[in-house]
Amino acid sequence: MIIYEPKRVNREAFVEFWSQRYRYAQEHLYYDNIGQPPTIESILALFIWKNGTPLSALKLQSVRQNFVQRIDELKSIPIEENARDFLERFSAGGAIWRVFWLHCWQPNKFPIYDQHVHRAMTFIKTGRKEEIPAYDPRKIDSYINRYLPFYAEFHGIDHREVDKALWSFGKFLSESNFPVC
């Protein structure tokens, strides 16, 4: 017989534990395309990975219009541009996909943000499960003012492993009814 018992650990142990529980379909699409010079094919592959399934006709149209057609603009952005200016420059396509586009531009500087990592962040910070804001401007504000500073606390730990750990933990929180401390 076993029981579940929460255990306080440091950031490194948290990332090691939860990143090992990460499972995501077609992970190769991410690794084969991230950090490479953007092409039509690589951008489409990354958005298919982010979506988790093939893109519907409407999503494909949005990705092509808001991101693929702007690859040359992406390549010309000064490397020191901040997240807020980048996201204002790319103001269409939905908040989460715009943040993902930011991540595609500079994956080592700007982390992925979605419902699962938001849930993980708020639970770690407050002990409560909080869902991501529904309103896109609030999502962007939460990413810039809450998530980026929170993510910076993992400095020195492999950024992709941190992404995996937070996503896995946030997904676990959404699927589990375990006792909250």
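Please treat every number below as a calculation from the coordinates, not as lab data. Given the structure is predicted, the values throughout are model-derived calculations rather than measurements. Glycine also receives a Cβ, built like all others from the backbone with ideal geometry; neighbour counts cover every protein chain displayed.
Listed values, structure above:
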item	result
Local net charge near residue 174, Cβ-Cβ under 15 Å (Lys/Arg +1, Asp/Glu -1)	+2
From phi via Karplus (6.51, -1.76, 1.60), per-residue ³J(HN,Hα) for region 6-23 in Hz, x at Gly/Pro	x, 9, 6, 9, 7, 4, 4, 5, 4, 5, 4, 5, 7, 5, 5, 9, 6, 9
Length released on extending from residue 56 to residue 152, taking residue separation times 0.36 nm less the Cα-Cα span	31.1 nm
For region 38-60 versus region 96-140, the gap between their alpha-carbon centres in whole angstrom	19 Å
Amide N proximity, region 135-171 versus residue 84 label position 7 Å along Cα-to-Cβ, cut-off under 12 Å	141-142, 144-146
Relative contact order [Cα under 8 Å, 6+ residues apart], region 11-175, whole percent	32 percent
Summed side-chain charge close to residue 83 - residues other than residue 83 whose Cβ falls under 14 Å, Lys, Arg +1, Asp, Glu -1	+1
Extension gain, residue 28 back to residue 69 (0.36 nm per residue minus Cα-Cα distance, nm)	12.4 nm
Helix-only [θ]222 nm of the chain, DSSP H runs n ≥ 4, -39500 (n - 2.57) each, per residue, nearest 500	-16500 deg cm²/dmol
3J(HN,Hα) from dihedral phi, region 148-157, Karplus parametrisation 6.51/-1.76/1.60, rounded to Hz, x for glycine, proline	4, x, 4, 4, 4, 5, 8, 3, x, 9
Nearest-20 debye value, region 11-175 charge dipole, Cβ charges on Lys, Arg, Asp, Glu	440 debye
